[in-house]
1. Among the chymotrypsin sites (Phe, Trp or Tyr not before Pro) in the stretch 45-98, which ones are in a DSSP loop with at most 14 other Cβ atoms within 10 Å of the Cβ? Mind listing them?
2. In the calculated pair distance distribution of the stretch 19-135, what percentage of Cα-Cα distances lie above 18 Å?
3. For the ranges 19-29, 55-65, what's the packing order if you count other beta-carbon atoms within 10 Å of each residue, average per peptide, and put the highest first?
4. For the stretch 84-96, just list the computed ³J(HN,Hα) in residue order, Karplus coefficients 6.51, -1.76 and 1.60, θ = phi - 60°, integers in Hz, with x standing in for Gly and Pro.
Amino acid sequence: MYRLLAAILFATASTATASIVDCGPGLFPIDVLAFSPDPPTAGKDSTITILYDVPAGVELAGGIAQYTYVLNGLPFSPSQNDLCDDIACPIVAGTYNKTTVAPWPSLSGKLVSTMKWLGQDGELLLCMQITTKTMEKMVSRRYMSIVRHFFKRHYNDAETEV
């Protein structure tokens with residue numbers, strides 16, 4: 001019975017949420033931002049899809065892709081790549097669909113991931129931010145400790161009465 005109740009408490013205590021937003025406005029309007037599965041599952045593939053428009057008259061030979069990550073309020077070192085490593089260059093007018101698939105890391109807490117594309121002159125082309133909150137490990141340990149303590153005391157008391 002202890003294990004069954006502990007499993008139920010673990011399942012109800014585990015929470016995860018995810019949101020994805022346009023943190024622009026950038027030169028490239030975003031039509032669709034999608035993140036799946038929502039919420040993400042550690043070790044399983046997560047998919048990010050961006051449908052965006054490059055306005056008529058725009059032609060860029062390159063730019064910079066910036067990535068920042070903040071876990072539980074602590075920033076990691078940002079990374080920066082040549083934009084042409086992420087998308088085909090030159091960038092010309094049209095509608096584009098970019099999909100990225102990668103395994104989701106095993107994390108506990110709040111992760112904020114921001115991706116910014118900047119033009120050669122530093123103008124913001126596109127910005128998206130994914131915020132995920134998982135409290136599975138922190139909450140489950142706490143609840144498991146409480147459950148163990150309760151059942152140990154209750155079970156030992158019940159044994160002495162019989």
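1. For chymotrypsin sites (Phe, Trp or Tyr not before Pro) across the stretch 45-98 that sit outside H, G, I, E and B with at most 14 neighbouring Cβ atoms in 10 Å, the list reads F76.
2. 52 percent
3. Taking the mean over residues of other Cβ atoms within 10 Å, the ranking is 19-29, 55-65.
4. Working through the residues one at a time gives 5, 6, 9, 9, 6, 10, x, 8, 10, 4, x, 9, 10 Hz.
The numbers here are math on the coordinates, done by the rules we state, and not lab data. Predicted model, so just to flag it, every value in this text is computed and none were measured. For neighbour counting, all protein chains shown are included, and Cβ atoms are generated from backbone atoms with ideal geometry for every residue, glycine included.
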